[in-house]
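The values are calculated or read from the model by the stated rules, or taken from the named source; none is laboratory data. For clarity, every value in this text was computed on a predicted model and none was experimentally measured. All Cβ positions, even for glycine, are placed from backbone atoms using ideal geometry, and neighbour counts span all protein chains on display. When the accessible area is computed, the model is the full protein with side chains, heavy atoms only, and any ligands, DNA or RNA have been set aside. Shrake-Rupley method; radii C 1.70, N 1.55, O 1.52, S 1.80 Å.
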Amino acid sequence: MSFLSATPHRPTVTEREARQVAEAAREQDWRKPSFAKELFLGRFRLDLIHPHPLPPDEAVQRGEEFLAKLRDFCETKIDSARIEREARIPDEVVDGLKELGALGMKIDTKYGGLGLTQVYYNKALALVGSASPAIGALLSAHQSIGVPQPLKIFGTKEQKDTFLPRCARTDISAFLLTEPDVGSDPARLATSAVPDGDDYVLDGVKLWTTNGVVADLLVVMARVPKSEGHKGGITAFVVEAGSDGITVEHRNAFMGLRGLENGVTRFHQVRVPAANRIGPEGAGLKIALTTLNTGRLSLPAMCVGAGKWCLKIAREWSAAREQWGKPVAFHEAVGAKISFIAATTFALEAVVDLSSQMADEDRNDIRIEAALAKLYGSEMACLMADELVQIRGGRGFETAASLKARGERAVPAEQILRDLRINRIFEGSTEIMHLLIAREAVDAHLSVAGDLIDPDKSLSDKAKAGANAGVFYAKWLPKLVAGPGQLPRSYSEFQHGVDLSPHLRYVERSARKLARSTFYAMSRWQGRMETKQGFLGRIVDIGAELFAMSAACVRAELMRTEGEHGREAYQLADAFCRQSRVRVDELFGRLWTNTDELDRRVVKNVMAGTYTWLEEGVVDPSGDGPWIADATPGPAQRENVRRPIR
């Protein structure tokens, strides 16, 4: 059991306690069906996603009308090169977005918003994000995780009436959870909110506050101490960004998203009315996680936009650039990259649209689908951008400004690679997403057999769990032996010129194999299963590929029935599924044939200093200073760089 370093203002938390905090914040009930959850259990519930759900005609009309206005704004008012050059979104662009209603895309019309569906909100983010990823990030942080979304789900009528009209038209919001020494381990959250009469008094420092430099309203996660009349715990508050005692001490700069208004925010004796508390005390993490169930879809939506742009540039460049007597596209080494970008963009759009429509209908629980979309989209978009840079060669590595200066088309390929890289970290890093999804994927097993592998449970508890597990597995395991994936005529409705039915049969067989693999791993490792992060990551990656294959096939069939590019959609779905199956087969092989144990030994030696001789022969250009900045509460020592846009 490892103890993490503590300071007087930061809680000392054991590994087990940290897990308990995260577990308590989870939504533990499954009141609605989930396609992805069933998939991890070996049940391919195609009926949950096919026929593909569709938005109402009124929602389509409203969404398309806004997209037309937004496209015109993007084409005429947004200068992406200027934002990259000046590392700032011009105030007039933000004002224009406010006038357009872009701050209120997801806010109900009765509060002055546009009331767009999740589907069209994501289409809008893909569009504006292609014009400027920094603007996409601003709008996403404001609406997906900022004040509007948690208030929509958990806010009181008074809170909604007070804040949502402001968020819809004038006020930019930000979400403040991360601290200098707290990332994905919220149990160690140090920012405090001490009750004082009808107020709470906030003290602490928040790091990487996207929109924090320009925000008018903040959602702040802070720890309320337990006391008489106060349950305590991590709690969410709406805070006026201009309140006395709030200082934006620094505007952060990054390798990408240069226009991002992201900062370090200090709270010193900041008074917040109790009426601004969202939900009860101690519900902050649950509110954050619930908000992210759909909020996570904004990142893969912008990854879809990036994929579309990568495909456009790859196609145009590869037709113009000739090598050895023919366009580079027709050299197999380059052509394979173009095929990957085209097929993956199709599948990623299918995943985002399907997940978004399911979110709008609210018939299914999409917490795993949204998490898979975020994980898969962020990883695949980075690969697509990297392949575009490679296709462009030296011009891919050269900046758009340099290309323009010497008389060539200013294609920001290297910029999109830099801009997309953060998506593998934003709103849950890939590593954390693997663990989060894996926890949900094995939830059914832990529900019936969790006490068996819990060292703190009594023998009687273990005996009871053993009986329950025996009943569950006696019914479940036999169903993993055979299924429709073994019948040659299954899913024949997906045969139209190109035959997609073999891919769906493959998904069904693989889902059962995935469930068997998970069960075997739990039997083998029991309580140590949670430490097998390499194994769990591969399990999740297989599930992500199977979900993407399913979505691609269902989308292709939808497009065929609607008569719009149906044949071409079938071709792209077939190409994606064939590429995906290669990756899945490799992942299945790596479940049991890998270097995980060896890697653990190497890491142990690295950290023990065994290999420091390997570091000799270089100089370290890093500057001086602590690895993690001091976040001791107290008055600000720096100038306030906050600049609200009015």
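Rundown of residues vs (1) within 24 Å of Leu164 (Cα to Cα); (2) among the aliphatic types (A, V, I, L, M); (3) buried (at least 22 other Cβ atoms within 10 Å of the Cβ); (4) under 24 Å from the mean Cα position of the chain (by Cα), yes/no style:
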| site | (1), (2), (3), (4) |
| --- | --- |
| Cys74 | no, no, no, no |
| Lys98 | yes, no, no, no |
| Ala102 | yes, yes, yes, yes |
| Asn122 | yes, no, yes, yes |
Of all residues making up the range 237-273, the number that are touching a Gly at 6+ places or on another chain (Cβ under 9 Å), within 18 Å of Gly204 (Cβ to Cβ), open to solvent by 10 Å² or more (accessible area, probe 1.4 Å) and not acidic (Asp, Glu): 7
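Residues of the range 239-257 being farther than 16 Å from His268 by Cα and aliphatic (A, V, I, L, M), which ones? Let's see the steps before the verdict.
Just the residues of the range 239-257 that are farther than 16 Å from His268 by Cα, to begin with: 251-257.
Across the range 239-257, the qualifying residues are Ala253, Met255, Leu257.
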Selected residue (criterion: most open to solvent (accessible area, probe 1.4 Å)) from residues of the range 195-219 that are more than 20 Å from Pro273 (Cα to Cα) and among the aliphatic types (A, V, I, L, M): Leu207
Residue within the range 542-564 that is surrounded by fewer than 18 Cβ atoms within 10 Å (Cβ to Cβ), outside any helix (DSSP H, G or I) and in contact with a helix residue (DSSP H, G or I) (Cβ under 6 Å, 6 or more places away or on another chain) present: no
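Being acidic (Asp, Glu) and more than 21 Å from the chain's Cα centre (by Cα) is the filter; apply it to the range 502-545 and report the residue that is nearest to Asp596 (Cα to Cα).
Kept after step one, since they are acidic (Asp, Glu), are these residues of the range 502-545: 508, 530, 541, 545.
Restricting the remaining residues to those that are more than 21 Å from the chain's Cα centre (by Cα) gives 508, 530.
Details: Glu508: 28, Glu530: 14 Å.
Of everything passing the filter in the range 502-545, Glu530 is nearest to Asp596 (Cα to Cα).
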Qualifying residue in the range 585-603 (condition: part of a helix (DSSP H, G or I) and in contact with an Asp or Glu (Cβ under 8 Å, 6 or more places away or on another chain)): yes
Residue match in the range 610-625 (condition: open to solvent by less than 70 Å² (accessible area, probe 1.4 Å), over 30 Å from Trp525 (Cβ atoms) and touching a Pro at 6+ places or on another chain (Cβ under 7 Å)): no
Yes/no for Glu387 being open to solvent by less than 50 Å² (accessible area, probe 1.4 Å), over 15 Å from the mean Cα position of the chain (by Cα) and free of Cβ contacts under 8 Å to residues at least 24 places away in the same chain: no
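In this structure, is Leu514 over 24 Å from Tyr473 (Cα atoms), buried (at least 20 other Cβ atoms within 10 Å of the Cβ) and not hydroxyl-bearing (Ser, Thr, Tyr)?
Values: over 24 Å from Tyr473 (Cα atoms): no; buried (at least 20 other Cβ atoms within 10 Å of the Cβ): yes; not hydroxyl-bearing (Ser, Thr, Tyr): yes.
So Leu514 does not fit the description; no.
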Residue match in the range 320-329 (condition: out of contact with any helix residue (DSSP H, G or I) (no Cβ under 7 Å at 6 or more places or on another chain), among the polar types (S, T, N, Q), open to solvent by 40 Å² or more (accessible area, probe 1.4 Å) and free of Cβ contacts under 8 Å to residues at least 60 places away in the same chain): yes
Cβ pairs under 9 Å, 6+ apart, first in the range 120-131 and within 17 Å of Gly256 (Cβ to Cβ) and among the charged types (D, E, K, R), second open to solvent by 10 Å² or more (accessible area, probe 1.4 Å) and modelled with pLDDT of 95 or more: none
Pick from the range 174-194, criterion farther than 19 Å from Gly232 by Cβ and touching an Asp or Glu at 6+ places or on another chain (Cβ under 9 Å), ranking: surrounded by the most Cβ atoms within 10 Å (Cβ to Cβ): Ala174
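Are there helices (runs of 4 or more DSSP H) fully within the range 350-441 with at least 1 residues that are at pLDDT 95 or above and within 29 Å of Arg82 (Cβ to Cβ)? List them.
Details: elements: 367-392, 394-397, 400-405, 413-421, 430-441.
In the range 350-441, the matching helices (runs of 4 or more DSSP H) lie at 367-392, 394-397, 400-405, 413-421.
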Residues within the range 428-445 that are open to solvent by less than 40 Å² (accessible area, probe 1.4 Å) and within 12 Å of the chain's Cα centre (by Cα), tallied: 6
